[in-house]
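The block underneath contains the structure these notes are about, expressed in structure tokens.
Here, each number is a calculation from the coordinates, and none is a lab measurement. Here the structure is a predicted model, which is why all the values come from computation and not from measurement. Ideal geometry is used to build each Cβ from the backbone, glycine not excepted, and the neighbour counts take in all protein chains shown.
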Amino acid sequence: MNDVLDVALRLVVVFVCFLVLPLVVGQTEHKVMAHMQGRLGPMYAGGFHGWAQLVADGVKFAQKEDVVPKDADRRVFQLAPAVALLPYLLVLLAIPIGPGEGAVGQVVDAGIFFVLAVMGVGILGSLMAGWASANKFSLLGALRTAAQLLAYELPMLLAAASVAMAAGTVSLPGILNGFHWWWVPWQIVGALVFFVAGLAELQRPPFDMPIADSEIIFGAYTEYTGLRFALFLLAEYAGIVVLCGLTTVLFLGGWHGPFGADGLGWVWTLLKTAVLAFVVIWLRVSYPRLREDQLQKLAWTTLVPLALAQIALTGIVKVAIN
Amino acid sequence: MTLAAEAARTAAHGFLSPTGVEVAFLLVGLATLGAALLTVTTRQLVHAALWLVVALGGLAVEYLLLTAEFIAWVQVLIYVGSVVVLLLFGLMLTKAPVGRSPDADSGNRPVALAVALAAAAALVWVVVDAFRTTWIDLDGPAQGSTDVMGQILFQHWVLPFEALSVLLLAALVGAIVLSRKKKEDES
């Protein structure tokens, strides 16, 4: 009975994180973007500096009519938001936020492969949405999504493989157990490649070609309304949380910090994740959108060679140490 | 191994009192088979690709049930995450319609059926013959963990592994040659 309770409790905690953290990132985006652009952002909902703006947004989305276009493929159209959102929930299960068994939803032996594999499945949601909408803009958006994923999956995998080589394990808690501070400068190129490729997979600016509103309305999500549209948005912000969490765990040492290692490890994890999430928002405000050819060129001629060079460096240093 | 010893080994694992894992394995296998059949029989092109996702995912669950965790995640990563995305990308370029594609039948149905049945029969026969008396001990340490997999792959199976790498390299070079040729024709 205790085991069942333990599992249930872990699932509930991960689920609550899954619902709360993306909203926190979303609200931060509202406020940070506003202040960077010389505005105030939401100020009324909830009273204090508009803290309840996203709750109000959620209520609004839930009240809207759920429209399925007449020519759309009904079932695929309705299934797509779930396919886009659920993988991020599964990934969150495997990310350790502190040392020990108690601070991770589920220890997965091949953790890196699990998170990357499951994150790749989420893209299928966008493809399904784009095709099933029976709309040219949606189809174009889905095509761009697929092209972007195919280009950026490889550098992401290579960068993650470099960390796995350095640690000698593919389990996420195992990598953190082997972490030393000098891994950060050693793996910094891999970290940049991983983060940039992750941004591109999430279709965040400056890699938001597939949902570029001034060209193709909202890409694959053009036809969606109400709760289903909200689920796609939630998937984007859950994706930011997952990407920043993963970068923290793989490259920035997760729960390791300069002080307060005992009991306060999870604070370090959350702090590093929050700083990375801020960078994601910052990039959105400050960088113009990349064109499709620039996107592909960046992936194949810059990120892949950099990731390969990082793997070579990791191999050389690893052999030298041993 | 003599027949008697073989019989003694299998006797401990009767077919009449299956464990929970065995039942789950069978059910997932049936679901995978069903999805695979739908993949080849559905008249809607994109639905075929989506059913393929279900079939490949079912296969990954089967690997998990056989304790081969690493293989399962690689299966999802490569097949569901990349191969199917590539397939869908190709289908979208062909303007695959919502609804039925009447012109998607090449008329090779009987030949395809014969080839599929022959391949299935050969595979089932070989696998059953090879692993009839092999049982996985689920209570012991995982036999398909990344550690074990890496050691087996790079100690006993390193030659096939390298041969496959050469094959993939050849395919890559071939793709480059094909794409370059087209450009010269156009100019």
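Remarks
- Dipole moment magnitude, nearest 20 debye, chain A about Cα centre, only Lys, Arg, Asp, Glu C-beta charged: 500 debye
- In chain A, the sites counted are trypsin sites (Lys or Arg not before Pro) in DSSP loop states with at most 12 other Cβ atoms within 10 Å, and the longest stretch holding none of them, exclusive of the sites, is A:71-290.
- Between A:HIS180 and A:LEU308, the C-beta separation translates, for a Förster distance of 30 Å, into a calculated FRET efficiency of about 0.80.
- Inter-centroid distance (Cα atoms) of the range A:174-196 relative to the range A:225-287, Å: 16 Å
- Spin-label zone in the range B:142-177 - amide nitrogen under 15 Å from a point set 7 Å from the Cα of B:VAL83 along the C-beta vector: B:168
- Approximate spin-label separation A:LEU264-A:GLU292, in nm, with each point projected 7 Å along Cα-to-Cβ: 5.1 nm
- Taking each of A:LYS136/A:LYS297; A:LYS297/A:LYS318; A:LYS31/A:LYS60 in turn, the alpha-carbon distance tops 27 angstrom for A:LYS297/A:LYS318.
- Calculated FRET efficiency for the pair A:GLN78/A:PHE278, C-beta based, R₀ 45 Å, to 0.05: 0.80
- Cα-based helix-to-principal-axis angle, A:111-132 vs chain A, degrees rounded to 10: 10 degrees
- Computed FRET value (nearest 0.05) for A:TRP51 with B:THR41, which takes r as the C-beta separation and R₀ as 51 Å: 0.45
- For the range A:31-88, the list of chymotrypsin sites (Phe, Trp or Tyr not before Pro) that fall in a loop by DSSP and count at most 11 other C-beta atoms within 10 angstrom reads A:TYR44, A:PHE48.
- Projecting label points 7 angstrom from Cα along Cα→Cβ for B:SER106 and A:TRP300 puts them 2.7 nm apart.
- Distance between modelled label sites at B:TRP125 and A:LEU5, nm, 7 Å Cα→Cβ extension: 5.7 nm
- Between the helical axis of A:188-202 and the longest alpha-carbon principal axis of chain A there is an angle of about 20 degrees.
- Centre separation in Å (Cα based) which lies between the range A:1-63 and the range A:295-322: 37 Å
- For chain A, averaging the sequence separation of C-alpha pairs within contact (under 8 Å, six or more residues apart) and dividing by the residue count gives a relative contact order of 23 percent.
- Degrees between helix A:53-63 axis and first principal axis of chain A (Cα, 0 to 90, nearest 10): 50 degrees
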